[in-house]
Each structure stands twice: as C-alpha cells, then as structure tokens.
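Only one structure is covered here, and it is reproduced in the block below.
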Amino acid sequence: MEVDKATLRRNRIKLVSLAVLFFGPVILAWVLLAIGWRPDVTVNHGEFIEPPVPLATESLQHHGEPLAVDQVRGRWTIVHLYPSGCSEACLALLDETARVHVALNQNQDRARRLLIVPDTAEFPASLEADERLVQVTAPIGFFDTLAIDPAGTLVLVDPAGLTIMQYALPLEARGLLKDLERLMRASRRELERHQAKVED
C-alpha cells in the first residue's frame, strides 16, 4: 500500500506540532533560566529585604530588662516599628496583626508579634491585656540603624532572627497571612528534609 506524499507531509506536520507543543515550553523555560531571566512579579505580598539582615536586639528592653534572644529567634515574628510611639494608627495595625495571628490556627505557636517603640514613649494602657504581644523599647538611635525606613513599617523576621520582608502601610492583612502560611510550609518542608538526612 502506497501512501501519497500529501498525507505523509500532513502526518509529519502533526508530529512536529505535537513535539513543539510538548517540548517547546520546557526548552523555553530552560533558555530563560540559562540567560538568568526572572519574573518581575512574585506571589509575595511583602517586599523581600535583600540581603536579609539580623534584627539587632542587643539594645532592646522588655519590662526594663534586656530582651531575651528567644523572644525573636525560633519563631516567625511580626515586628511593628513605631519610632514616634504607638498612636491610634499603631493600635489599629496591632489589631489587624492580632487577627492574622489567630487566623494561623494550629500554627499560632510558630509566630509572635513584637512592638518596638522608643524608650521615651509610653505603651498605651489598652495593650496590657494583649498577652501575645511582646512590647519592647529601644534607644532612639536604634531606628536609625535599620536597613529600611521604619516610619509606619511592618517587618517579618524569620526564626533565625533575620529581617526578611517588609510591608508598606496600609497593611493588606490577607497578604501577610498568605506570606506567613507559605513561609511556614516551606520551612516545615525544609526541616523535614534536614531531619531525613540526619536519620540516614
């Protein structure tokens, strides 16, 4: 049985089209990766701080005592920076992040909230009832040493004590929650991988 040239050509075109359909995206992704292209838009809601910097806790005071290192290490920490003291806007933001903290559900113990104000400022009396908020004071020069503009800024500190993300105000609380959930999942997977290697 003889196949005519037109049918053979159509079949070859179909085969080549299928190959391009399946292998084209892979080849394109490889080429983009090879030339170092990265997308400008990410799924993060906060802005990454590059490179991450340690949160300098040496000068921070908690109830008149130096802040214990474990207050900032070992958990994801939402840090409120208020170099002019905690005003109404600060209280409203604290309420938003308290709701984010509760929305973490079973992961609430993996996060904490930290409020940093200058040592010349007073904490509002309404914050005394918030047991999940660590309230600390800093010398006024502390705010000048930060790698970011602290005025009305919220930052996220990872369990190693590194300031990794910042959030501009007004805060999109749902975005902060999604970032925290994603980072917690990623860190849990990394910890599980590390434990599996140790056990091998």
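Some values worked out for this structure:
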{"quantity": "Unique residue being exposed (fewer than 15 other Cβ atoms within 10 Å of the Cβ), charged (D, E, K, R) and over 16 Å from TYR167 (Cβ atoms) when the list is ASP4, ASP95", "calculated": "ASP4"}
{"quantity": "Selection status of LEU146, within 17 Å of PHE48 (Cα to Cα) and at pLDDT 90 or above", "calculated": "no"}
{"quantity": "Test for ARG182: is it under 26 Å from GLU47 (Cβ atoms), of a type outside the set (S, T, N, Q) and touching a residue at least 24 places away in the same chain (Cβ under 8 Å)", "calculated": "yes"}
{"quantity": "Single residue of GLU192, GLU172 found to be at pLDDT below 80 and either in the same structural domain as HIS63 (by TED's automatic domain parsing) or not polar (S, T, N, Q) (or both)", "calculated": "GLU192"}
{"quantity": "Residue selected from the range 72-122 under the condition part of a loop (DSSP other than H, G, I, E, B) and β-branched (Val, Ile, Thr), by the criterion modelled with the highest pLDDT", "calculated": "THR120"}
{"quantity": "Criterion: part of a loop (DSSP other than H, G, I, E, B), touching a residue at least 60 places away in the same chain (Cβ under 8 Å) and within 21 Å of VAL69 (Cα to Cα) - qualifying residue of LEU146, LEU156, LEU171", "calculated": "LEU146"}
{"quantity": "Number of positions in the range 32-52 that are at pLDDT 75 or above and part of a helix (DSSP H, G or I)", "calculated": "1"}
{"quantity": "One residue from LEU133, LEU146, LEU104 being over 24 Å from GLN61 (Cα atoms) and in the same structural domain as GLY64 (by TED's automatic domain parsing)", "calculated": "LEU104"}
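The values are calculated or read from the model by the stated rules, or taken from the named source; none is laboratory data. Here the structure is a predicted model, which means the values were calculated and not measured. Virtual Cβ from ideal backbone geometry, glycine too; neighbours counted across all protein chains shown.
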